[in-house]
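Below is one structure, written out as structure tokens, with a few remarks after it.
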Amino acid sequence: MECSVTVREIIKRFTFIEIFQGMALTLRKMFSHAVTIQYPKERRHIAPGYRGQHALAKNQAGQAKCVGCGLCATICPSQCIHISRAKGQVDKYEIDILRCIYCGFCVEACPYGAVVLTENYEYSDYKKENIYMKKDKLLSNWDKYMPGKKGEEYFNKFWRPLSEDFGTPPGQAVYKGKKE
Amino acid sequence: MDINNIISPELLDAFIKFGINLLIIILKIVIVLAIGLLHVAYATYFERKVIGHMQVRLGPMRVGWHGLLQPFADGLKLFFKEDLVPANADKVVFYIAPIIFMAASMVNLSVIPFSYSFTIADFKISPVIADINIGLLFIFAMAGIGVYGIFIAGWASNSKYAFLGGIRSAAQVISYEIAMGLSLVGVMIMAGSLNLTDIVRAQEESVFGMFAIPQIVGFVIFTIAAVAETNRTPFDMPEAESELVAGYFTEYSGFRFALFFLGEYIAMIIMASMATICFLGGWTIPWYIKVVPFIKYVPGIVWFLMKVYAFFFFFYWIRATLPRYRYDQVMGIGWKILIPVALANILVTGLVKIIITTLNGV
């Protein structure tokens with residue numbers, strides 16, 4: 001038994017069977033289609049719901065939907081959203097994109113559908129300041145990457161809040177005042 | 001004034017003949033060097049292309065159509081790179097090393113015959129620069145000198161990685177040179193000559209048409225040793241990227257690196273040509289293929305280049321397929337397997353040769 005194994009081993013070694021098998025594989029692969037995507041000319045297909053650069057959504061009238069409630073900043077795991085309110089207005093809405101991990105929690109948390117992740121992924125820059133997103137830049141991103149109906153549809157399809165109207169469900173028992 | 005008064009017509013004739021012969025040799029050198037360097041450039045291109053496709057990539061695609069101008073872009077880049085010399089390097093030796101290495105491999109181009117000899121206006125031109133009788137030995141000797149280039153480079157760099165690469169290269173090339181020389185002894189016995197042109201001629205007249213068939217053992221040993229001699233995967237110990245950065249030329253940059261690169265690829269061309277000449281029949285085709293009509297009108301150089309390219313493709317193919325051997329395995333294969341098998345091959349070849357000649361004598 002042992003002898004037959006060694007004989008087989010010897011034959012294997014001296015006929016280079018395994019090497020030839022490997023070479024047959026590489027030759028086969030040589031005539032297969034390359035998987036390379038030649039980036040600037042060809043682009044990877046972006047799947048729907050892609051989480052790319054951030055944008056602040058606008059309503060039909062062209063005003064920012066954001067009310068500055070701060071839920072997104074609260075849930076953000078990397079704490080990269082900075083919001084402050086002044087005089088009943090959203091004074092500051094900044095996202096430090098270099099810290100963002102693109103988890104999408106902010107979009108999920110927002111009750112007004114005001115923040116969204118667009119399909120844009122090409123925004124590398126040589127300066128840190130250019131990547132630090134301020135409010136006006138985030139708003140212009142909405143016009144740039146979510147123009148017209150696209151924004152609404154995209155948002156509704158993938159990032160819709162669990163409920164559209166935030167009232168009480170009809171089956172819920174509610175206090176309707178004291179019985180006379 | 002008559003020119004015959006100054007110099008006799010015979011002498012003038014001899015001078016003219018000498019001049020023309022000199023011109024022919026210079027022309028040959030220029031042509032061989034130009035074509036050799038062009039082959040080096042495109043050998044790198046096709047290496048990247050072939051290995052790329054074998055790894056399901058594309059290889060160079062950007063410079064020119066399908067990256068065809070990539071070798072020139074690379075060459076330009078190497079020209080304009082800074083020429084660094086390590087502070088504690090042995091300067092003179094550091095400068096000489098790449099020149100030794102490249103010259104040693106380039107000189108080999110002069111003894112490689114490429115095709116049938118032809119005649120132009122009474123001048124018989126053989127397509128080889130130096131048709132010497134010890135062509136085979138000359139190539140071995142030059143390969144031996146090339147090791148000095150590598151070893152000196154490793155030593156002069158004053159860097160541990162370069163030094164290790166140099167030592168490994170010296171050990172490896174010396175061990176595999178023995179196996180390669182012994183594998184070619186079978187060819188020498190069969191051809192009865194060391195002249196490369198004669199070896200090809202002997203193959204054309206032989207029964208099999210090429211020595212690769214009766215000398216299959218020698219051919220396999222030669223192929224393995226050739227891969228090891230040119231320091232290519234799976235025997236690229238001297239430049240093992242994962243262990244030694246880049247091996248013996250770690251400290252070289254710019255044009256000096258280019259010289260090493262050039263030398264390495266010319267050594268590849270030499271090895272492919274050697275395999276073609278000694279085993280695959282050079283520019284001739286076996287008689288059983290000559291039966292095909294019209295095939296005899298194909299010029300010999302085409303067959304020669306096709307065989308060389310096939311061998312080159314084999315180099316690339318092997319590189320894309322096999323991982324690197326461990327260092328002790330490389331030495332083990334060389335000393336414990338290849339050399340004994342090559343010796344046995346010599347013995348059998350010699351015996352068969354003696355038996356055949358005795359039978360023919362009787």
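Each value in this text was obtained by applying a stated rule to the coordinates, not by laboratory testing. Every value quoted in this text rests on a predicted model; they were computed, and no experiment measured them. Note that each Cβ is placed from the backbone with ideal geometry, even for glycine, and that neighbours are counted across all protein chains shown.
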Would you tally the net charge around B:Ile270, using a Cβ to Cβ cut-off of less than 15 Å, leaving B:Ile270 out, and scoring K and R as +1, D and E as -1?
-> -1
Residues meeting the amide H criterion for A:Thr118 (H placed from the backbone, H to H distance under 5 Å, 5 or more places apart or on another chain) are A:Gly52, A:Gln53, A:His54, A:Ala55
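Determine the shielding of peptide B:306-317 by partner chains: average, over its residues, the number of Cβ atoms on other chains within 10 angstrom of each Cβ. Spell out each step's value before the answer.
Values: counts 0, 0, 0, 0, 0, 0, 0, 1, 1, 0, 2, 5.
Mean inter-chain Cβ contacts per residue within 10 Å come to 1.
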Which of A:Tyr132, A:Tyr93, A:Tyr145, B:Tyr95 has the fewest Cβ neighbours within 10 Å, and the rest in rising order = B:Tyr95, A:Tyr132, A:Tyr145, A:Tyr93
Residue-wise, which Karplus ³J(HN,Hα) couplings in Hz belong to the range B:273-290, taking 6.51 cos²θ - 1.76 cosθ + 1.60, θ = phi - 60°, and x for glycine or proline?
-> 5, 4, 4, 5, 6, 7, 10, 9, x, x, 8, 9, 10, x, 4, 6, 8, 4
Scalar couplings 3J(HN,Hα) for the range B:329-339 by Karplus 6.51 cos²θ - 1.76 cosθ + 1.60 (θ = phi - 60°), nearest whole Hz, x for Gly and Pro, are 5, 4, 5, x, 4, x, 8, 8, 10, 5, 5
Run down the lysines and flag those whose C-alpha is under 25 Å from the C-alpha of A:Lys150, throwing out any fewer than 8 positions away in its chain.
-> A:Lys41, A:Lys58, A:Lys65, A:Lys134, A:Lys135, A:Lys137
Any idea which of B:Leu322, B:Val245, B:Met271 is furthest toward the positive side of the dipole for the range B:215-329, if Lys and Arg beta-carbons carry +1 and Asp and Glu beta-carbons -1?
-> B:Met271
Rounded to the nearest 500, the 222 nm mean residue ellipticity computed for chain A from DSSP H runs (n ≥ 4, each -39500 (n - 2.57)) alone is -10000 deg cm²/dmol
Shielding of A:28-40 by partner chains, average beta-carbon count, 10 Å = 4
Under a cut-off of 30 Å between alpha-carbon atoms, report the lysines in cross-link reach of B:Lys28, not counting same-chain residues fewer than 8 places apart.
-> B:Lys17, B:Lys77, B:Lys124, B:Lys290, B:Lys296, B:Lys307
Can you tell me the relative contact order of chain A? Whole percent, Cα pairs under 8 Å, sequence separation 6 or more.
-> 22
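Arrange the peptides B:312-322, B:154-164 so that the one whose residues have, on average, the most other Cβ atoms within 10 Å appears first.
Working: B:312-322: 18.9, B:154-164: 21.3.
So the order, starting with the most tightly packed, is B:154-164, B:312-322.
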So what is the calculated 222 nm ellipticity per residue for chain B, using -39500 (n - 2.57) for each DSSP H run with n of 4 or more, over all residues, to the nearest 500 deg cm²/dmol?
-> -22500 deg cm²/dmol
Here the FRET efficiency for B:Tyr42 versus B:Ala141, based on Cβ atoms and R0 = 25 Å and rounded to 0.05, is 0.30
What's the FRET efficiency of B:Asp90 with B:Phe255 using the Cβ-Cβ distance as r and R₀ = 22 Å, to the nearest 0.05?
-> 0.70
For the range B:227-234, take each phi angle, set θ = phi - 60°, evaluate the Karplus expression 6.51 cos²θ - 1.76 cosθ + 1.60, and give the result in whole Hz per residue in order, putting x for glycine and proline.
-> 4, 5, 5, 8, 6, 10, 4, x
Collect residues whose amide H, placed 1.01 Å from N in the peptide plane, falls under 5 Å from the amide H of B:Tyr325; neighbours closer than 5 in sequence don't count.
-> B:Asp236
Go ahead and run the numbers for FRET between B:Ile26 and B:Lys353, Cβ-Cβ distance against an R0 of 45 Å, rounding to 0.05.
-> 0.65
Name the residues whose placed amide hydrogens come within less than 5 Å of the amide hydrogen of B:Ile125, ignoring near sequence neighbours (fewer than 5 apart) on the same chain.
-> B:Phe118, B:Thr119, B:Ile120
For the range A:14-58 and the range B:288-316, what is the separation of their C-alpha centers, rounded to whole Å?
-> 35
